[in-house]
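The values are calculated or read from the model by the stated rules, or taken from the named source; none is laboratory data. Keep in mind that this is a model prediction, so the values were computed, not measured. A quick note on method: Cβ atoms are made from the backbone with ideal geometry, for glycine too, and the neighbour counts reach across all protein chains shown. Note: areas computed on protein heavy atoms with side chains; ligands, DNA, RNA excluded. Shrake-Rupley method; radii C 1.70, N 1.55, O 1.52, S 1.80 Å.
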Amino acid sequence: VSIDFVHIGEDVPVMVKIGSEQAKAVLKAGFNKIEMLVPKELSRQERMAEIKIGTNTALKKKFTLEPVRPWEIYLVQHTHTDIGYTRPQTEILAEHLRYIDHALDFCDQTDSYPDDAKFRWTCETAWSVREYLRSRPQSQIDRLLKRIREGRIEATGMFLNYSEIIDEGALVAQTKTLQMLKNMGINVTTAMQNDVNGIAWCMVDYYDHTDVRYLTMGLHAHRAQKPFDKPTAFWWKSPAGNRLLAYRSEHYQHANALSLTTGQQDVFRNNLSQYLDGLEKNGYPYDKISLQFSGYVTDNAPPSTTACDIIRDWNDKYEWPKLRSALVREFMWYLDEQHAKDLPEHQVAWPDWWTDGVGSAANETKTARQAHAQLSMVTALMSLAKIQAIKLPPEMNHEVEKIYDNLLFYDEHTHGAAESVTDPLAQNTVNQWGMKAAYAWEANKQVHILEEKILAFLEPTMPACNQSTIAVYNTLNWPRTGMVELFIQYSVIPEGAVFTILDAENLVVPAQCIEQRMEGAYYNLWVQNIPPLGYKTLKIILGQPPAPEPAINLSFPLENDFYRIEIDTKKGVISQVFDKELNVNLLDEADSLTMGQTIYEQLSNRHDLERLTNTTRDTVYRPLQLSRSVLQSLLIVDQKPGNIYHSIFLKGELPVCADARGVSVEIRLYHFKKMITL
């Protein structure tokens, strides 16, 4: 048994550990009656100290005198924005706005507290502040602006917490909120991303044109694993040479994990002491540290003043470590002012490694990615129209913003409700995913409508023609050659008609029908040398036979000028992809799995995936119990030659697929480019 206590006086604090007998006497006498007489010198050596307990005979204790580290703990309260995880989006989105209302009230309630204990609130996402400014009465907006100016509430620079599927255009778009906030007198200096352990490298350059100088990243370590033994700070440098001061912190509710908000101050004291001991042992270099927490332990948690009372009482009772209710930027200020020159510089990408939810929704993720690409193309077309002095309706810019909002909400990192794994048919699971998927589909629908609008404004700039034409735009700034997919109505190319497509130089454009519908067909075209930031016109010539299809060996192995492909029908796999240019098989023949292999995985303990333990240090899950099936009895059922690619169609069986159709696989081997698609 040992007891720690501090002597506060003219000298700096010291810590003394005494044995069990003395501890019993100390506990019996009470802390207020302890006097400790120690020499003033703070050299690291053994000393004799006299400890007087009440009127008892003085005890003599030999101890090693060490200076106490003047710890200061910045406690940053926020709510983790995990939209739809704890409750459906319809409820959570509104809750985050109400939380700012509560935060303003809590600021009022704690105005009389000591400064370190006053309620402070960090708005984790810029989205919540933007929507608050758009939706609240002016009186509430004025209250918010006042508290932001005072340093009691902070707006941060990430619109939402993003998964890795967000593209560069959307990352640019999400910074536009910073301009809106700046126009309201809110200067944002810190970007804050939690639960996602990385962000695209381009953000360093995008923030260089704003007031954002700092980035904090609240770790997710439940399944992602914790890659460090202490929080780290560094300069994050882009390839262009721009820098952000970055802080890779503990879990975004680490102070909750230390029992800050439980009301059990002795438990929190012990946990905090152990945590700080661990930091010192692991070589943490600073006397201050920033720990995030929420009103209680859950995502989307409301604010609370519980911590304010705890901080006030703690600082009255203990000289160290000091606790402070802080904004997220305060620790970054400390690093910048005291340690900026000493911090390492890393010119590296910082990708996330665990937000795998996007892979569980392949169709919606594909749709969102296509909408991202299409929106970049549409905005480039709008720029081309502006260059040509074409007056566009002002609402088109608002439509772009709405599409980006939908994409940003799909790219937001929450792909499932809390019970999605353990209860996939629960009402909250179904509702959450229905609304999440709707963001992708709505963006896809809106961007196609916007594309049609801008093309209608560009069409008059094209030369008139007395025959059916196709205009293919290249919205990038280099010449491009590649495949275009488009729908052509039967009124343009009648069903079954003989036709060919020519470019402006009367060169044949290879065309391949991929799907027929009631009113027309989808075609792939292989278009060459489309000029940068321009377009190429193609002519449809009815009655003229197309060019003969490129010759290809229809027996096996299947090959063209680039590749030779072999298929093992017994194992149901592609066994070889031989690159003729490199003279090597691209597949690892020793691997148990191979390219394009279909794997069906079933969990037998789906409902037992909850954590076994969740301590401040480690999280342990039950081991997965699963079975895997692969394609069996693979058959080559068809081959289809074409002007752009040759297709081979395979069919296989899976034990879990009762449908007689089984699983179909198409392999496309391209004629004009070193490319294979599955």
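Odds and ends about this structure:
- Pairwise Cα inverse-distance average, inverted: Kirkwood Rh of region 392-538 (Å): 18.8
- Extreme residue, positive dipole direction of region 320-387, given options ALA349, ALA326, VAL378 (C-beta unit charges): VAL378
- Rounded to 10°, Cα long-axis angle of helix 427-458 versus longest principal axis of the chain: 50
- The angle between the Cα long axis of helix 126-135 and the main principal axis of the chain comes to about 90°, on a 0 to 90 degree scale.
- Rounded accessible area of SER249 (nearest 10 Å², 1.4 Å probe): 0
- In this rough spin-label picture, where each label sits 7 Å from Cα along the Cβ direction, the ALA349-ASP659 distance is 3.5 nm.
- Over the chain, equivalent-ellipsoid semi-axes from the Cα gyration tensor in Å: 61, 31, 22
- The chain - mean residue ellipticity at 222 nm from DSSP helices (-39,500 (n - 2.57) per run, n ≥ 4, rounded to 500): -9000 deg cm²/dmol
- Alpha carbon centroid spacing (whole Å) that separates region 154-187 from region 427-484: 25
- When the C-alpha to C-alpha distance is required to be over 26 Å, the pairs from LYS230/LYS366; LYS539/LYS580; LYS226/LYS288 that qualify are LYS230/LYS366; LYS539/LYS580.
- The long axis of helix 395-411 is offset from the longest Cα principal axis of the chain by roughly 70 degrees.
- Protein-only accessible surface at a 1.4 angstrom probe places the residues PHE293, PHE578, PHE487 in the order PHE487, PHE578, PHE293, largest first.
- Sites excluded, trypsin sites (Lys or Arg not before Pro) in DSSP loops with at most 16 other C-beta within 10 Å, longest stretch of the chain: 45-222
- Here is the list for region 426-517: GluC sites (Glu not before Pro) lying in DSSP coil, each with at most 12 other C-beta atoms within 10 angstrom of its C-beta, are GLU495, GLU505.
- Beta bridges by DSSP in the chain, antiparallel share as percent, to the nearest 5: 75
- Legend: calculated FRET efficiency, SER627 to ASN585, from the Cβ-Cβ distance at R0 = 22 Å, rounded to 0.05, equals 0.15.
- Solvent-accessible area, 1.4 Å probe, carbon plus sulfur percent, for the chain: 50
- Average accessible area per residue (Å²) across the chain - probe 1.4 Å, nucleic acids and ligands excluded: 50
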